[in-house]
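So the structure is just underneath, and the comments pick up after that.
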Amino acid sequence: MITNQDSAEKLSAEIFADARRKADEIVFRAKQDAEAFLHNAATEADQVRQKIREQACAEGNRRSELILATVPIETGRLRAARVEALLESIYDEACQRLRAHEGFDYRETIISLASHAIGQMTGNEFVVRLSEKDRTILEGDFTEKIEGHVGRSVNITISWEDNIGEDGVIIEDADARQVWDNRLLKRLGRLWPELRRQIAVQASLVPKIIAGESA
């Protein structure tokens, strides 16, 4: 005969057993949820890392492209600077040679410069201004040679001056209304832009297509 006490113990055991089952189910589901959470977290972390890598790659590529885009500009700037420095050195050397009367006959050059200027000027009366220090070099048949090169009848007066400055010659008409400064460095300065262009082209420092013309 089953007593009330036996029934109570049996009910209690069943309750405990049910509680353990439910506890085990909760623990099992918690483990499953935890594993799923960890898996999802790892997946999301991988995705985030991949996204960061892709963004870094894209940013790196963008910066690389920006850097590469500046290379031709920087190369052109450096080339232009070196070409300019080379041309300046050529100009400086030309000035030094003119000052030293190196590589040319100074007397014949002055005769040519004076006669060329007079040939471009109007009138027949001219004053040829020269440095006093050149008197010993230029005296003699200097005036006759200038007149012979002009190609027309002219009257030339030589003015020897202490303060003419640079080597060369300055020509004026009788009224000083026409003045032609053919001192060596002044003439080089006038001719230099065209000489500079020709040197750059002939030395292949710049493209040979200038002002629409090909060499």
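The values are calculated or read from the model by the stated rules, or taken from the named source; none is laboratory data. Being a predicted model, the structure only gives us computed values, none of them experimental. Every residue, glycine as well, gets a Cβ built from its backbone with ideal geometry; the counts of neighbours run over all protein chains shown.
So which of 65, 144 ends up being out of contact with any helix residue (DSSP H, G or I) (no Cβ under 9 Å at 6 or more places or on another chain) and modelled with pLDDT under 90?
Values: 144 fails: modelled with pLDDT under 90.
Selected residue: 65, the only one of 65, 144 that is out of contact with any helix residue (DSSP H, G or I) (no Cβ under 9 Å at 6 or more places or on another chain) and modelled with pLDDT under 90.
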- request: Could you please give the count of residues in segment 106-160 that are in contact with a Ser or Thr (Cβ under 9 Å, 6 or more places away or on another chain) and small (Gly, Ala, Ser)?
  value: 2
query: Filtering segment 104-116 down to residues that are farther than 12 Å from residue 168 by Cα and part of a helix (DSSP H, G or I), which residue is nearest to the chain's Cα centre (by Cα)?
result: 116
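From the list 171, 164, which residue is aliphatic (A, V, I, L, M), part of a loop (DSSP other than H, G, I, E, B) and either on the phi < 0 side of the Ramachandran plot or free of Cβ contacts under 8 Å to residues at least 40 places away in the same chain (or both)?
Values: 171 fails: part of a loop (DSSP other than H, G, I, E, B).
Being aliphatic (A, V, I, L, M), part of a loop (DSSP other than H, G, I, E, B) and either on the phi < 0 side of the Ramachandran plot or free of Cβ contacts under 8 Å to residues at least 40 places away in the same chain (or both) holds for just one of 171, 164, which is 164.
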